[in-house]
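Trainee: This is the structure I want to talk about, given as structure tokens.
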Amino acid sequence: MNFDYRLLRVDLTTEKTKIEEISIDLLKEYIGGKGLGSKLLLDELEPGIDPLGPKNKIIFVSGPLTGTVFPTSNRYGIIYKSPLTGAFAESYSGGGAVQKMRAAGYFTIIIEGISKRPIYLFITESSVEFRDASHLWGKDTLETYDLLGIKSKKDIDVLVIGPAGENKVKFANIQNNKHHSAGRCGPGAVMGSKKLKAIIFSGTKRPALNKNLEFRKLVKKVINKIHDREDLYGSNGIYRKLGTPSIVEWTNELGCFPTRYFTAGYSEYSKNFDAYAIINQILKKRTGCWNCPFTCSKYVEVEEGPFKCNLEGPEYETIAVFGGICDIRDIKAIAKLNEYCDRMGIDTITAGNLCGLAIEAKHLGILPNNNKFKLDYNKPLELLKFLNDIVYRKGIGNDFAEGIKYISKKYHLEDIAMHVKGLEFPGYDPRAFRGFAISYGVSPEGATHLRSTFHNIERNLPDYLSYENKVAPMIEQEDKMALIDSLIVCKFIRDILDWDLFAEIYNVIFNAKINKDKIRNIASEIITLSRKFNIREGFSRKDDYMPSRVYKESITTKYGKKLNLDYDKYDKMLDEYYSLRGWTKEGIPKE
Ligand code: SF4
């Protein structure tokens, strides 16, 4: 059996495992990562199953580049049916844990069934152990990490859930390498529903690709391309020097920085929490994921006071939701909220959005015990208490733990709730974009920025607010991201990856001879898989629209410009998107 492409199937109900070989033909068709995971989910999941029941599967995927010397090959993916949205879901995280998954000899792991007791898995090159996790149940992610002794052991790494996952909070994350999160659509809740607290990987295997001379030449070429982009990846480049918090500046200028629950497009207090606020107030050292030549992350510490904490972060999205949506005007408080979310294992984007929605609902006077509800803008300590109520499902927190679709319906908040398919917006208000708004709409998970990252291209176009000629370039970017997530590498190297290079990478991995048109077709097919999954689950064209506020209500930029989205023009763009994808007018892929 080819050790590089093994699939481990773990049945938690029976505590039995099975090792299968993934055929090279399947990999040539779907590459790995997102492509392989989507194919497996579509083929193996019964339609309409309960995402928190025994029939949901968590598919941990690596890509053919994972664990190799290829720069940023440190990421893994999780493919599953989301308990938050009921739709297809994918979550990715970098760090180093997946390198150990491949070192243990597994390319993909499928977890199915439900354990009778809290357990953790210990996966090595020669065995899979089902270990009792009763002493870990209830512990936060960092405590669990320490109790498992991960810090002191070489060749070992772990994926963990926190109390939120155990309590099936529908936006619970899976954490790795302490502050790295795979989240957004609730993979931690799926893991918690299976009573699986953690997965430890241990091994020493290295992918055979590392020894391939053609591959090593290719890696050298990629590294040279990275070095050529000093402006992005050099020691004074945007990623290394400032990291994602640098985004605060341009989103605030453009009027898409979501502020006070999407009632404004910029914050007057942005200097309090931008990249320089981090550098000047809390930065301890620069850090990053395994095998990354330009490490974008920051290790920060607040040494004393109510916001005492230390963590890797905060990244832009966390700043946008807490600093913008919740109007917290202090980077130390934002860091504390970030650390709390990491410890409990919840997604910061959804957490900040739900806090903002709760504040607006309170202002409207429609929450139970409304007068006693102390949550408000710029009240970080109240936010921490509210998040704690969500994590432990206390009082109204129990409703918020179910996610935005549930709350909107229960409290009649449909007119103000900002989400697509039940997933809230990250740090870019859709009213400031056209092509990117379509990307939010058609993404299988809902309002995520990660399926196309088209905002980065659209914002630099001279006619960035035009509705014309946006769909085709957005699709191109969506296809690129599908390949990045299938190979799997960090999205921050997207600027050096063009279609020729994608084809070259594919050809070296699979000893093939395809051209750039063929690799593009593969990407497009991968995207169609998740669409097919959603159609089977009952999603349709109606689920690809923005929330009503986006069409009816304008936001104002720093410079007094009013921005909203024209419904009819959006509708036309949606037609164009389906047509270019080769789908029907209802958005259904043709066979
Ligand atoms: S650029 Fe940042 S997120 Fe990407 S691999 Fe490097 S350190 Fe990790």
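The values are calculated or read from the model by the stated rules, or taken from the named source; none is laboratory data. Since the structure is predicted, the reported quantities are computational estimates derived from the model, not experimental observations. FYI the Cβ positions are ideal-geometry reconstructions off the backbone, even for glycines, and counts take in every protein chain you see. Ligands, DNA and RNA are excluded from the accessible area calculation, which covers all protein heavy atoms including side chains. Shrake-Rupley method; radii C 1.70, N 1.55, O 1.52, S 1.80 Å.
Trainee: What is the spread of the Cα atoms of the stretch 353-408 along each of their three principal axes, largest first, in whole Å?
Mentor: For the stretch 353-408, the Cα spread along each principal axis is 22, 22, 20 Å.
Trainee: Taking 1 over the mean of 1/r across every pair of different Cα atoms in the chain, what Kirkwood radius in Å do you get? Don't skip to the answer; put the middle values down first.
Mentor: Details: mean 1/r = 0.0419 Å⁻¹.
Over the chain, the inverse of the mean reciprocal pair distance is 23.9 Å.
Trainee: Moving on. Would you pull out the residues with amide H under 5 Å of residue 287's amide H, same chain only if 5 or more places away, H placed 1.01 Å from N?
Mentor: Amide H neighbours of residue 287, under 5 Å, 5+ apart: 297, 298, 299.
Trainee: Viscosity 1.567 mPa s, temperature 4 °C: give me the Stokes-Einstein translational D for the stretch 424-581 in µm²/s, with Rh taken as the Kirkwood radius over C-alpha pairs.
Mentor: After rounding, the answer is 78 µm²/s.
Trainee: Determine the gain in length on full extension of the stretch residue 29-residue 374; use 0.36 nm per residue of separation and subtract their C-alpha separation, reporting nm with one decimal.
Mentor: So the extension gain works out to 118.8 nm.
Trainee: In whole percent, what relative contact order does the chain give with Cα contacts below 8 Å and a gap of six or more residues?
Mentor: For the chain, the relative contact order is 15 percent.
Trainee: Per residue of the stretch 430-442, what does 6.51 cos²θ - 1.76 cosθ + 1.60 with θ = phi - 60° give for ³J(HN,Hα)? Whole Hz please, x for Gly and Pro, Karplus curve as stated.
Mentor: x, 6, 9, 9, 10, x, 5, 4, 4, 4, 4, x, 8
Trainee: Here is a follow-up. Counting only heavy atoms of the protein chains, get the accessible area per residue of the stretch 11-147 (1.4 Å probe) and round it to a whole Å² value.
Mentor: Result: 30 Å² of accessible area for each residue.
Trainee: What nm distance separates the two modelled labels at residue 575 and residue 212, each placed 7 Å from Cα along Cα→Cβ?
Mentor: 4.5 nm
Trainee: In addition: Quick one: grab Rg to one decimal and Dmax as a whole number for the stretch 175-267, Cα atoms only, in Å.
Mentor: Cα radius of gyration and Dmax of the stretch 175-267 are 20.6, 55 Å respectively.
Trainee: Can you classify the stretch 252-307 as rounded, prolate or oblate using the Cα gyration tensor, where a ≥ b ≥ c are the square roots of its eigenvalues, rounded means a/c under 1.5, and otherwise it's prolate if a/b beats b/c and oblate if not? Write out the running numbers ahead of the final one.
Mentor: Numbers: a/c = 2.74, a/b = 1.51, b/c = 1.82.
Oblate, because a/c is 1.5 or more while a/b does not exceed b/c.
Trainee: Continuing with the same structure: Taking θ as phi - 60°, what are the ³J(HN,Hα) couplings along the stretch 219-231 by the Karplus curve (6.51, -1.76, 1.60), each to the nearest whole Hz, with x for Gly and Pro?
Mentor: After applying 6.51 cos²θ - 1.76 cosθ + 1.60, I find 4, 4, 4, 5, 4, 4, 5, 5, 5, 5, 9, 4, 4 Hz.
Trainee: Still on this model: Where only protein heavy atoms count, and the probe is 1.4 Å, what is the accessible area per residue for the stretch 234-421 in Å²?
Mentor: Per-residue accessible area for the stretch 234-421 comes out at 37 Å².
Trainee: Which whole-number percent is the relative contact order of the stretch 125-262 (Cα, under 8 Å, 6+ apart)?
Mentor: Over the stretch 125-262, the number comes to 16 percent.
Trainee: Next question. Take the Cα gyration tensor of the stretch 392-454, multiply each eigenvalue by 5, square-root it, and list the three semi-axes largest first, rounded to whole angstrom. Display every interim value, and only then the final one.
Mentor: On the way: eigenvalues 131, 29, 16 Å².
Result for the stretch 392-454: semi-axes of 26, 12, 9 Å.
Trainee: Report, largest value first, the span of the C-alpha coordinates of the stretch 341-439 along each principal axis, in whole Å.
Mentor: Extents along the principal axes: 42, 31, 24 Å.
Trainee: I'm a student and want to see the number: the projected area of the Cα convex hull of the stretch 166-205, averaged over all directions, in nm².
Mentor: 3.4 nm²
Trainee: Now for a different question. From the Cα trace of the stretch 415-515, what convex hull volume per residue do you get, rounded to a whole Å³?
Mentor: 115 Å³
Trainee: Would you compute, from DSSP H runs of 4+ residues alone, the mean residue ellipticity of the chain at 222 nm, taking -39500 (n - 2.57) per run and dividing by the full residue count, rounded to the nearest 500?
Mentor: My calculation for the chain gives -10500 deg cm²/dmol from helical runs alone.
Trainee: Continuing with this model, one more query. Determine the principal axes of the Cα atoms in the stretch 83-164, then give the extent along each, sorted from largest to smallest and rounded to whole angstroms.
Mentor: 38, 30, 25
Trainee: Something else about it: When we measure straight from the Cα of residue 221, which lysines land under 27 angstrom away, once same-chain ones fewer than 8 places off are left out?
Mentor: List returned: 28, 34, 100, 205, 211, 241, 480, 491, 513, 516, 518.
Trainee: Still on this structure: To make sure I understand the rule: partners must be lysines, Cα under 17 Å from the Cα of residue 16, and not fewer than 8 residues away in the same chain. Which ones qualify?
Mentor: 55, 57, 116, 194, 195
Trainee: Going 7 Å from the Cα of residue 559 toward and past its Cβ, which residues in the stretch 252-286 have a backbone nitrogen under 11 Å from where you end up?
Mentor: 253-255
Trainee: Then there is this: Enumerate by residue number the trypsin sites (Lys or Arg not before Pro) in the stretch 19-123 meeting two conditions: DSSP loop (anything except H, G, I, E, B), and at most 14 other Cβ atoms within 10 Å of the site's Cβ.
Mentor: 116
Trainee: Follow-up. 7 Å from Cα along Cα→Cβ at both residue 586 and residue 44: what's the point-to-point distance in nm?
Mentor: Roughly 3.0 nm, to one decimal.
Trainee: Would you mind pulling out the separation of the Cα centroids of the stretch 14-30 and the stretch 295-362, in Å?
Mentor: 39 Å
Trainee: From the backbone phi of the stretch 446-456, what are the Karplus-calculated ³J(HN,Hα) couplings (6.51 cos²θ - 1.76 cosθ + 1.60, θ = phi - 60°) in whole Hz, Gly and Pro given as x?
Mentor: Listing the rounded values in order: x, 6, 10, 8, 8, 6, 10, 6, 5, 4, 5 Hz.
Trainee: Find, among the chymotrypsin sites (Phe, Trp or Tyr not before Pro) in the stretch 307-371, those assigned to loop by DSSP (not H, G, I, E, B) with at most 16 other beta-carbon atoms within 10 angstrom.
Mentor: Passing both the DSSP loop test and the Cβ count: no residue.
Trainee: Give, as a single signed number, the net charge of other residues whose beta carbon lies under 12 Å from the beta carbon of residue 23, with Lys and Arg counted +1 and Asp and Glu -1.
Mentor: -1
Trainee: Write down, largest first, the equivalent ellipsoid semi-axes of the stretch 3-210 in whole Å, where each equals the square root of 5 times an eigenvalue of the alpha-carbon gyration tensor. Don't skip to the end; give the middle numbers.
Mentor: Numbers: eigenvalues 104, 85, 48 Å².
Semi-axis lengths for the stretch 3-210 are 23, 21, 16 Å.
Trainee: Taking 0.36 nm per intervening residue step and subtracting the Cα-Cα distance, what contour gain separates residue 299 from residue 20 on full extension? Intermediate results must be reported in sequence, preceding the final value.
Mentor: Numbers: separation 279, 0.36 × 279 = 100.44 nm, distance 3.98 nm.
Fully extending the segment from residue 299 to residue 20 adds 96.5 nm.
Trainee: At 1.4 Å probe radius, can you tell me the per residue accessible area of the stretch 500-590 in Å²?
Mentor: Details: 4500 Å² over 91 residues.
On a per-residue basis, the stretch 500-590 sits at 49 Å².
Trainee: Could you state the orientation-averaged shadow area of the convex hull built on the Cα atoms of the stretch 234-421, in nm² to one decimal?
Mentor: Taking a quarter of the hull surface, the average projection is 11.2 nm².
Trainee: Once neighbouring chains are kept in place and the probe is 1.4 Å, which whole percent of the accessible area of the chain is contributed by carbon and sulfur?
Mentor: 48 percent
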